[in-house]
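Participant: Questions regarding the structure given below will be posed in turn.
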Amino acid sequence: GGEVLALQGARADERSVRAALAGKRILHLATHGLVDERRHEMFAALALAASPGGQGQSDADGLLQLFEIYQLDLDAELAVLSACSTHAGPEVEGEGVFALSRGFLIAGARRVVASLWRVDDRATAVLIGGLFRGLGAEARAGRRPRYADALRAAKAALRARPESSDPYFWAPFTLSGEG
């Protein structure tokens, strides 16, 4: 069994989230992803609550930016970024996509589930719920989690629903890193 730490609302400020990420095996950040393709990709960010008294301080401004993600020290099996465009960014030949997902891989996450475009909140909740249920079933059965298979099954279940059969709803999430 694993301990779940949920930070919501004002408790999900940047400093608290940074502190909570350390040492966690699975990370799930359900927030807003901010990507402005006209600006430098290092300013892509996950929106969090601003830390009290943190005005003017980049580690407390409520934006966990890509350059700050690179500096995290993670040891996670999986980071799930339930936000818009977390795997979107410029592609550099020989390097891959410079995106929020890449930041988590560089910081120490072995694999990242992230989105390619703006996502539907309800469909994303169903998809990510299915992903975690699949991973939980693997763990309860004493099997090593098969992350790609769990994501594929969650996408298939969402796709089978008439209201979310369009690829817009189930296709944006990808798995990067180890399979």
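Participant: Which net charge results when you count Lys and Arg as +1 and Asp and Glu as -1 among the other residues whose beta-carbon is under 10 Å from that of Glu77? Intermediate results must be reported in sequence, preceding the final value.
Facilitator: Numbers: positive: Lys24, Arg25, Arg110, Arg111; negative: Asp75, Glu178.
Net charge around Glu77: +2.
Participant: Turning to a different aspect of this structure: Run the simple label-point estimate for Tyr70 and Ala148 please: 7 Å along Cα→C-beta, distance reported in nm.
Facilitator: Label at Tyr70, label at Ala148, 2.9 nm between them.
Participant: Report the calculated FRET efficiency for Arg161 and Gln8 (r = Cβ-Cβ distance, R0 = 22 Å), to the nearest 0.05.
Facilitator: Details: r = 27 Å, r/R0 = 1.22.
Efficiency, from the Cβ-Cβ distance: 0.25.
Participant: Sticking with this one: Below 10 angstrom from the Cβ of Ala171, what's the summed charge of the other residues (Lys, Arg +1; Asp, Glu -1)?
Facilitator: On the way: positive: Lys155, Arg159; negative: Asp166.
Net local charge, Ala171 excluded: +1.
Only the coordinates and a few stated rules stand behind these numbers; no lab work does. This one's a predicted model, so the numbers in the text were calculated from it and none came from an experiment. Here the Cβ is made from the backbone with ideal geometry for all residues, glycine too, and neighbour counts use every protein chain on show.
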